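Let me begin by presenting the structure, written as structure tokens, before commenting on it.
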Amino acid sequence: MKNLKYKIGLVLLGLLTSATSFAQVTYATTQLQHTAKQLGLTRLDTLKDGNTILRYKGTRINIRKKDGRVESIGRRIFSSQLRKENPLPIYDYLEFAYLDKLYKVSENPLLYTDLKFTVGSWASLADVKETTPCNISMTESKRYSVTWTDGAGQTIASLTFPVDYERMAMTSRQELESNFINDLKNYKRTSATPALSLDKEKMTTSEDGRLWTLPGETYLMNSINNDTYYITDRKKNLQTLWHVKNPARSTRNLFCVVDPLFDNVTISIRFTMYDMSIQTVEVRLRDFLDYCRQKGCETYVGIESFEEEEVKASVFMYDKASGYDHIFHVSIPKKQVGASNCKVSARGSLYAPTTNVTTLFVEFDQKGSKK
């Protein structure tokens, strides 16, 4: 009787521990939470941040955690070195897709509808290891191409799929938006803003040698770019331009230059969500920009106007690898340009498909040319 009572106690304790494990650990998406439950992966809360390899029915499953949250579950087919040298959003997607082909863990029947093998099949990936040579490219038609080869250079498997951020993130735009805002609210830079470092050989200068320009890249049209501007001080050293007498260039610098000069600037963003609800977030501008950079976004700024009491600009956070834009319409009181405690206001929209953004700009240009 004692033994029976003891065994039942252990069983109840095990069930409680299992339930607690699912409750305590957090997941980047509901799909990952569903996958962990489908595979019976308990005690994930005990795993440390980083990658952990677990055995499941003879398969090496990789689980990655960051800040205590499960960010990826998949059958490992890419090396850590490749992920580090060429960071792309495709790794988690393909490793999860392969895991789903093996154990049917996905809730989304459309997860890889547009994924096509040009050589081999899902079964061919059984021969792929983390160390298998892999080549990844993006075609002009906005499709990823991934090819694995053996030691003799023969193709083991090759596949293509479209650049589709919702598909690759394995979740909905609504959940992506929610995660973005929640993570932004909690984001704090862990390192100090580095001192300015410039190479004058890559820059152009005005005739009097006072204003220097570091040409950047353009996006959609020439007026939307990430050019940055600098002035020389009395010792002929370059300083970031941030002055009320030059509001347009100063505003572009505010978003495109990483400089301690802007550490105390704040931004209040009124987000219009996909379901048309509104959420407002106020953070330090440096934290916001650093957070977007960590997500793989490049910043481009188009100045709309600066003649009145406010400087108005459009800011595009473009993630080429994932195929989306975060778009912000920014307003800055003109008298605050040059102030260390400047307060920026913005209206924002998250995860706009880049194809949609590009199409709208093409249509805008065509209408403009007909006038």
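Can you give the helix-only mean residue ellipticity at 222 nm for the chain, where every DSSP H stretch with n ≥ 4 adds -39500 (n - 2.57) and the sum goes over all residues, rounded to the nearest 500 deg cm²/dmol? The partial results should precede the final answer.
Details: 9 runs with 109 residues, N = 371.
For the chain, the value works out to -9000 deg cm²/dmol.
Distance between the pseudo-spin-label points of Tyr103 and Arg347 (7 Å out from Cα toward the beta carbon): 4.7 nm.
Can you tell me, using C-alpha contacts under 8 Å and at least 6 residues apart, the relative contact order of the stretch 20-171 as a whole percent?
19 percent
Counted residue by residue at 0.36 nm each, then reduced by the alpha carbon distance between them, the extension gain from Thr204 to Thr359 reaches 52.5 nm. With K and R counted +1 and D and E -1, the other residues having a Cβ less than 11 Å from that of Thr232 yield a net charge of +3.
Please report the net charge: other residues with Cβ closer than 12 Å to the Cβ of Gly216, K and R +1, D and E -1.
Values: positive: Lys202, Arg252; negative: Glu217, Asp227, Glu298.
Counting the neighbours of Gly216, the net charge comes to -1.
With Cα atoms defining each centre, the stretch 64-143 and the stretch 293-311 are spaced 35 Å apart in the structure.
Take the Cα of Glu282, go 7 Å toward its beta carbon, and the backbone nitrogen atoms of the stretch 160-201 under 16 Å from that spot belong to 185-186.
Quick test of the membrane-span-like rule: which DSSP H helices of the chain reach at least 30 Å along their long axis (C-alpha atoms) with mean Kyte hydropathy at least 0.0? Don't jump to the answer; show the numbers that get you there.
On the way: long enough: 2-24 (32 Å, 0.61).
Sorted by number, the helices that extend far enough and score high enough are 2-24.
Ranked by how many other Cβ atoms sit within 10 Å of their own Cβ, fewest first, the residues His34, His326 fall in the order His34, His326. Taking label points 7 Å from Cα along the Cα-to-Cβ direction, Ala152 and Leu211 give a separation of 6.5 nm. One entry in (i) 28, 61, 11; (ii) 26, 49, 15, 9, 2; (iii) 24, 48, 25, 4, 0 is P(r) over Cα pairs in 20 Å bins from 0, in percent calculated from the shown coordinates; its label is (iii). Between the beta carbons of Glu298 and Lys57, assuming R0 = 30 Å, the FRET efficiency works out to 0.10 to the nearest 0.05. Which residues does the label zone of Ile136 cover in the stretch 317-337, counting backbone N under 11 Å from a point 7 Å along Cα→Cβ? Output list for this probe position: 321-322. Counting charges near Lys66 (Lys, Arg +1; Asp, Glu -1) among other residues having Cβ under 11 Å from its Cβ returns a value of 0. Any of Lys65/Lys312; Lys104/Lys129; Lys48/Lys295; Lys200/Lys343 with alpha carbons more than 29 Å apart? Name them for me. Violating the 29 Å Cα-Cα cut-off are Lys65/Lys312; Lys200/Lys343.
Please identify which residues in the stretch 102-130 have an amide N closer than 20 Å to a label point set 7 Å out from the Cα of Lys37, following the Cα→Cβ vector. Answer for this model: 103-111. Once C-alpha pairs closer than 8 Å and six or more residues apart are averaged by separation and normalised to the residue number of the chain, the relative contact order reads 10 percent.
Here His329 and Thr26 are evaluated by their C-beta separation; at R0 = 30 Å the FRET efficiency comes out at 0.35. If you run the Gaussian network model on the chain, springs between alpha carbon atoms under 10 Å, then out of Arg76, Arg293, Arg173 the most flexible one is Arg293.
Within the chain, the cysteines lacking any other cysteine Cβ closer than 4.7 Å to their own Cβ are Cys134, Cys256, Cys342.
No lab work stands behind these numbers, since they all come straight from the coordinates. Just so it is clear, the model here is predicted, and its values are computed rather than measured. Cβ atoms come from the backbone with ideal geometry, glycine included; neighbour counts cover every protein chain shown.
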